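Let me begin by presenting the structure, written as structure tokens, before commenting on it.
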Amino acid sequence: MDEVPDDSRLTFTMSINEGVVKSEFAAKEEPSNILLAVLMRPLVTAESPIACGRVWRLLKDAVDMNAEIAANIDDALVRAEAGQIPVEFNGRRITQQEIYEVLASGEFFTEKAEEARTLRALRFGPMADFIWMHFYSYCVDMYGIAEAILTATPPFASRDEAVVPDPRCIYCLQDAGAFTSEEHVIPEAFGNDDAVLPVGYVCDVCNNNVLAELDEYLANFEAISLQRVINVPYTKKGKLPRAEFGNAIVEKRMPRLLRIIDRNQGDPFQIYDTQPDGFCRFNLHLRSRKPFESKMLGRALCKIGLGMIAFHVGRDRACSSRYSVTRSFIRGEGVLDNNLILLTKTGEPHTQVAFTWFDQEGGTPCVADFYGVLMFFNLEEEPKLVLDPNDPLAQDFTSFNLGASVPTST
Ligand SMILES: [Zn+2]
């Protein structure tokens, strides 16, 4: 909860001049408001198992608490749901909670047909901005309520720091020093929360000095970074994806709103065909920012590979001497005398990230598929991965040696 900004003030102005109503809600693209809306989503959507209202109903009878505070939370929930300013639509009073859900499901997070239709009907005159005001007000109100529930329920108010049993780092084998964070095997920037190693598997030194840089390199690797910004709505921490190119920055402003910032008046975005229904076709020209570093990419991928072994088989296997060379390669202290094979011809783009490794006696081959960009490598030095020059498919791939001091291609 401490990720939420505490300055989420909302102001809405409306003026009537010669019969024309003007309204303004300037904060709808305010990053702190957007972050609040993203982080509050699992606590406010009715389907969520941790929705505030649901959690409160379960807790208030089960936990011994001050009756006055409990009554205040009950009142606050009723007020947040209704909203402070009454809104009528088609002769029926609609609540702030309903307005929130219409915007959340009709546009902000997803585009459900019925909510999108209601949203279009609701957007007339000053209501267009008023909807945004209600949307964020609901998030602010519910944030206050969530905080009050946490404070009022003693079992949740003070959690003991978890003791890490038997820590050992899979990347440097250290078992002393600080181990304070869990580790996302596939970087968090890809919105992937499925494979997470518990606290005690990766030391803070590796995490901060090595892995963070590798994760960042992969997230910004230009062959996949645009796809990442398009396909990742937001991370669990509420971060919206962003990618930097030589001539432009592409960033997500809201979970479904992209902004392209031109860095040097080169006009990277050009519309060449606009349809009557408002859809258009466009070209987006993005130039690379820095030279490709095959070793950095190889290290970032091996970091995922070793993490996957720890996640699927266990830490002992990842810590085995079989991966000593891999470990020093990942840390940037040695080489891995093998090849990284990369699909360099345009593949079939898709919206998923997948990582597969093969558990076999000789070698640990891995395949990473990031939105259709395929990368093959081996976590071990033997057997060597080589492209067969007689295979016509090989022409679509390029091989980079991870043992050489200068990246070479064959
Ligand atoms: Zn370590």
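Each residue of segment 372-389 is assigned a 3J(HN,Hα), and the resulting list reads x, 7, 8, 9, 10, 7, 10, 6, 10, 7, 10, x, 6, 8, 10, 7, 7, x Hz, derived from the Karplus form 6.51 cos²θ - 1.76 cosθ + 1.60 (θ = phi - 60°), x at Gly and Pro. Neighbours of Tyr201, meaning other residues whose beta-carbon lies under 14 angstrom from its beta-carbon, give a summed charge of -1 when Lys and Arg score +1 and Asp and Glu score -1. For the pairs Lys236/Lys345; Lys303/Lys384; Lys28/Lys236; Lys28/Lys252, note any where the Cα-Cα span goes beyond 23 Å. With Cα atoms farther than 23 Å apart: Lys236/Lys345. Each Lys or Arg adds one and each Asp or Glu takes one away; over the other residues whose Cβ falls under 12 Å from the Cβ of Ile170, this sums to +3.
Against the main long axis of the alpha-carbon atoms of the chain, helix 294-312 sits at an angle near 70°.
Among the chymotrypsin sites (Phe, Trp or Tyr not before Pro) found in segment 47-148, those both in a DSSP coil and sparsely packed, with 10 or fewer other Cβ atoms within 10 Å of their Cβ, are Phe124. For the chain, the longest principal axis of the alpha carbon atoms and the long axis of helix 31-44 meet at an angle near 80°. Relative to the longest principal axis of the Cα atoms of the chain, the long axis of helix 67-82 makes an angle of roughly 90 degrees. Computed per residue of the chain from DSSP H runs no shorter than four, each worth -39500 (n - 2.57), the mean residue ellipticity at 222 nm is -10500 deg cm²/dmol. Farthest toward the positive end of the dipole of the chain, out of Ala223, Ala116, Phe279, is the Cα of Phe279, where the dipole comes from beta carbon charges about the Cα centre.
So what's the chain giving for Rg/Rh, alpha carbon basis, Kirkwood Rh from the mean inverse pair distance? Could you put the intermediate results ahead of the total?
Numbers: Rg = 25.7 Å, Rh = 24.8 Å.
Ratio value, two decimals: 1.04.
Bear in mind these aren't lab numbers, they're just calculated from the coordinates by the rules spelled out. Please read all numbers here as calculations on a predicted model, not as lab measurements. Positions of Cβ are backbone-derived with ideal geometry, glycine not excepted, and every protein chain shown enters the neighbour counts.
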